[in-house]
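Trainee: Input: one structure, supplied below.
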Amino acid sequence: MHPERATGGNRIAVFAAIIGIAGLLGMLAWTYAERLTAASPSASLGTQDSAPTPPADTRPANVRQLETRLEEIGTAFAGQVGIAVVDIAGNHQAGFNAETLMPQQSVSKLWVALTALDQADRGELDLRSTGTVRREDLTLFHQPIRKRVLASGSFTASYDEFMRRALVESDNTANDMLLKHVGGPVSVREILEAKGLTNIRFGPGERIMQSELAGLEWDPSFSLGNTFFEMRKLVPHSERRAIFDAYVDDPVDGASAMALSLGLAKLARGELLSPLSTSHLLELMRDAKSGPNRLKGGLPSGWQIAHKTGTGQVLDIVPPGVIGEQTGYNDIGILTTPDDAQYAVAVMIAHTRSPVPDRMDMMHAVVEAVAEYDAARAE
């Protein structure tokens, strides 16, 4: 072999050996680094106590100030409450405990009306058609229509009239008549989904839900006199307590305050119904007689509200003058200022023992906070 070739070959072999050793060392170093990272996640994240930096709140200052005020109001209230405000034109949002599902109670009558009007818009339902309420159709709790039925044996009205009574008077039987006419709870749930109204549940109907919440099974006799309340007294308190707590924790008719406010904002912008149906629904909500001293009682001069209240059962059997624990004490509405600015507001009390005046004061404070926000917006 030529001497020069032998020397060159040896050099190549040595160079190859060096490269191989370097590669092996690199692989060993990589494997060690992976094991070190797996054993100690903080190796790649800094110290174990470090946490991701929360995103900066880029909302306008007055929106952040509104949320701070709502947090103060909600924290000071003696009970579990969710509060949400949506500036409809600006689409700004603020709230306190605003994503937790709270019992709606009669707030859900709004979704029955929405379903009826949507079906009417699509030509699937004629609200001028009539239905007849008989004794077996009566429900329970607030139902002014019952007097007419008991006086004459029946009461006939158009479904538009039943809707008016359900929203303006919060009549449970009128709402039940409309609910059956639109196809029951399934139809309402389908509309909520189709309209993109998330985090809003619709329960099984007044009879079933209220009976189950009392630890009872529905019986037609509950619709007359004090039968329901007398039967409820026979249910052991421990059983009612467990049912009550389960309902508050996971309400079958639950909705978050923010979901309700966003739904009202969609309604106000005409995104849920035809212009005619939107106008009709808002008119009925403005005429609502229930809850005159809830949100409505705190309105500044010249402001208007289109709203729907909800009021649930009291858990405890208490002597006169003692406040029992109550669920579902609510009011949601669209507030309109004299210069036509609009705010969707929802105040949902899941449970409380606070006196009714304290609940009113809390709702009035929310309206006052919205008015302060509006004043800052106008500056």
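Trainee: Could you check the range 330-347 and list, in sequence order, the residues that are in contact (Cβ under 8 Å) with a residue 40 or more places away in the chain and within 22 Å of the chain's Cα centre (by Cα)? Lay out the reasoning, then the answer.
Mentor: Start the filter on the range 330-347 by keeping residues that are in contact (Cβ under 8 Å) with a residue 40 or more places away in the chain, which leaves 330-335, 341-347.
Result: ASN330, ASP331, ILE332, GLY333, ILE334, LEU335, GLN342, TYR343, ALA344, VAL345, ALA346, VAL347.
Trainee: Scanning the range 360-379 for residues that are without any contact (Cβ under 8 Å) to a residue 40 or more places away in the chain and in a helix (DSSP H, G or I), which turns out nearest to the chain's Cα centre (by Cα)? I'd like the intermediate steps shown before the answer.
Mentor: Here is the first cut: in the range 360-379, the ones without any contact (Cβ under 8 Å) to a residue 40 or more places away in the chain are 361, 374-375, 378-379.
From the residues that got through so far, the ones that are in a helix (DSSP H, G or I) too are 361, 374-375, 378.
Details: ASP361: 21, ASP374: 24, ALA375: 27, ALA378: 29 Å.
The qualifying residue nearest to the chain's Cα centre (by Cα) is ASP361.
Trainee: Do you know which of the residues in the range 348-358 that are in contact (Cβ under 8 Å) with a residue 60 or more places away in the chain and of a type outside the set (A, V, I, L, M) is nearest to ASP245 (Cα to Cα)? Break it down into steps so the answer makes sense when it comes.
Mentor: The first filter runs over the range 348-358 and keeps only residues in contact (Cβ under 8 Å) with a residue 60 or more places away in the chain, leaving 348-354, 358.
Still in the running and of a type outside the set (A, V, I, L, M): 351-354, 358.
On the way: HIS351: 9, THR352: 12, ARG353: 14, SER354: 17, ASP358: 22 Å.
Out of the qualifying residues, it is HIS351.
Trainee: Please return the ranges of strands (runs of 3 or more DSSP E) entirely within the range 79-185 where 1 or more residues are touching a Leu at 6+ places or on another chain (Cβ under 6 Å).
Mentor: Numbers: elements: 79-87, 92-96, 101-103, 130-134, 154-158.
The qualifying strands (runs of 3 or more DSSP E) are 79-87, 92-96.
Trainee: Turning to a different aspect of this structure: Within the range 269-280, is there a residue that is assigned to a helix (DSSP H, G or I) and hydrophobic (A, V, I, L, M, F, W, C)? Before you say what the answer is, go through the steps one by one.
Mentor: Initially, the range 269-280 is screened for residues assigned to a helix (DSSP H, G or I), giving 275-280.
With hydrophobic (A, V, I, L, M, F, W, C) added as a condition, the list becomes 276.
So far as the range 269-280 goes, yes, one or more of its residues are assigned to a helix (DSSP H, G or I) and hydrophobic (A, V, I, L, M, F, W, C).
Trainee: Do you know which of the residues in the range 281-304 that are open to solvent by 10 Å² or more (accessible area, probe 1.4 Å), in contact with a strand residue (DSSP E or B) (Cβ under 6 Å, 6 or more places away or on another chain) and outside any loop (DSSP other than H, G, I, E, B) is nearest to ALA214 (Cα to Cα)?
Mentor: By that ranking, first place goes to LYS296.
Trainee: Checking the structure you have, find out if any residue of the range 327-338 is in a helix (DSSP H, G or I), touching a Gly at 6+ places or on another chain (Cβ under 7 Å), modelled with pLDDT of 95 or more and open to solvent by less than 20 Å² (accessible area, probe 1.4 Å).
Mentor: Taking the range 327-338 and keeping what is in a helix (DSSP H, G or I), we get none.
Looking through the range 327-338, none of the residues is in a helix (DSSP H, G or I), touching a Gly at 6+ places or on another chain (Cβ under 7 Å), modelled with pLDDT of 95 or more and open to solvent by less than 20 Å² (accessible area, probe 1.4 Å).
Trainee: I need a count of the residues in the range 68-125 that are without any contact (Cβ under 8 Å) to a residue 12 or more places away in the chain and either in contact with a helix residue (DSSP H, G or I) (Cβ under 6 Å, 6 or more places away or on another chain) or not small (Gly, Ala, Ser) (or both).
Mentor: 4
Trainee: All but one of (1) in contact (Cβ under 8 Å) with a residue 24 or more places away in the chain; (2) in contact with an Asp or Glu (Cβ under 8 Å, 6 or more places away or on another chain) hold for ILE305, so report the exception by its number.
Mentor: (2)
Trainee: Follow-up question, since we're still on this one. Filter the range 239-268 down to the residues that are in a helix (DSSP H, G or I) and either without any contact (Cβ under 8 Å) to a residue 12 or more places away in the chain or polar (S, T, N, Q) (or both), then identify the one that is surrounded by the fewest Cβ atoms within 10 Å (Cβ to Cβ).
Mentor: Here is the first cut: in the range 239-268, the residues in a helix (DSSP H, G or I) are 239-249, 257-268.
Add one more test, that the residue is either without any contact (Cβ under 8 Å) to a residue 12 or more places away in the chain or polar (S, T, N, Q) (or both), and what stays is 242, 245-246, 249, 261.
On the way: ALA242: 12, ASP245: 13, ALA246: 12, ASP249: 10, SER261: 27.
The extreme case among them is ASP249.
Trainee: On to the next question. Just one of the numbered conditions (1) open to solvent by less than 20 Å² (accessible area, probe 1.4 Å); (2) under 27 Å from HIS92 (Cα atoms); (3) over 22 Å from the mean Cα position of the chain (by Cα) is not true of GLY324; which one?
Mentor: The number of the failed condition is (2).
Trainee: Kindly list the number of the only condition in (1) under 20 Å from GLN93 (Cβ atoms); (2) open to solvent by less than 10 Å² (accessible area, probe 1.4 Å); (3) not basic (Lys, Arg) that fails for GLY310.
Mentor: (1)
Trainee: Moving to a separate point now. Keeping to the range 207-227, report how many residues are among the acidic types (Asp, Glu) and either more than 26 Å from the chain's Cα centre (by Cα) or open to solvent by less than 60 Å² (accessible area, probe 1.4 Å) (or both). Write out each step before concluding.
Mentor: Step one: of the range 207-227, the residues among the acidic types (Asp, Glu) are 212, 217, 219.
Next, only the ones that are either more than 26 Å from the chain's Cα centre (by Cα) or open to solvent by less than 60 Å² (accessible area, probe 1.4 Å) (or both) stay: 217, 219.
Residues meeting the conditions: 2.
Trainee: Ok, one more. So which residues in the range 339-354 are part of a strand (DSSP E or B) and open to solvent by 10 Å² or more (accessible area, probe 1.4 Å)? Spell out how you get there, then give the answer.
Mentor: Step one: of the range 339-354, the residues part of a strand (DSSP E or B) are 342-352.
Matches in the range 339-354: GLN342, HIS351.
The values are calculated or read from the model by the stated rules, or taken from the named source; none is laboratory data. Just so it is clear, the structure is predicted and the values come from calculations on it, not from any experiment. FYI the Cβ positions are ideal-geometry reconstructions off the backbone, even for glycines, and counts take in every protein chain you see. The area values use the complete protein model at the heavy-atom level, side chains included, leaving out ligands, DNA and RNA. Shrake-Rupley method; radii C 1.70, N 1.55, O 1.52, S 1.80 Å.
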